[in-house]
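Inspection log for the structure reproduced underneath, given as structure tokens.
The values are calculated or read from the model by the stated rules, or taken from the named source; none is laboratory data. Values in this document were obtained by computation on a predicted structure and should not be read as measured data. Positions of Cβ are backbone-derived with ideal geometry, glycine not excepted, and every protein chain shown enters the neighbour counts.
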């Protein structure tokens, strides 16, 4: 029987660094909602958390999180 080889990659943070695109996308999201974007440092401190928690932790009211 032939064996199939599978190779898995941990892409984000291992093969590529997506920090800058994440920061840019958050800045754009806040700007598009007419809200002053958080600092780069504050955005970076949230990277790795679930998206809704990131927005909540960046002071977006809970009832507005999914508008982003």
Item to check | Enumeration of residues in segment 8-36 that are exposed (fewer than 10 other Cβ atoms within 10 Å of the Cβ) and modelled with pLDDT under 90 | outcome: 8, 9, 10, 11, 14, 15
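Which of the residues that make up segment 37-64 are outside any helix (DSSP H, G or I) and either over 12 Å from the mean Cα position of the chain (by Cα) or surrounded by 12 or more Cβ atoms within 10 Å (Cβ to Cβ) (or both)? Spell out how you get there, then give the answer.
The first filter runs over segment 37-64 and keeps only residues outside any helix (DSSP H, G or I), leaving 37-39, 47-50, 58-61.
Within segment 37-64, 37, 38, 39, 47, 49, 58, 59, 60, 61 qualify.
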Checklist entry - Residue check: is residue 24 more than 21 Å from residue 61 (Cβ to Cβ) and either in a loop (DSSP other than H, G, I, E, B) or without any contact (Cβ under 8 Å) to a residue 40 or more places away in the chain (or both)? => result yes
Checklist entry - Of the numbered conditions (1) touching a strand residue (DSSP E or B) at 6+ places or on another chain (Cβ under 6 Å); (2) touching a residue at least 24 places away in the same chain (Cβ under 8 Å), residue 67 satisfies every one except a single condition; which is it? => result (1)
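Filter segment 1-21 down to residues that are part of a helix (DSSP H, G or I) and touching a strand residue (DSSP E or B) at 6+ places or on another chain (Cβ under 7 Å), then give me how many there are.
At the first step, the residues of segment 1-21 found to be part of a helix (DSSP H, G or I) are 19-21.
Next, only the ones that are touching a strand residue (DSSP E or B) at 6+ places or on another chain (Cβ under 7 Å) stay: 19.
Result for segment 1-21: 1.
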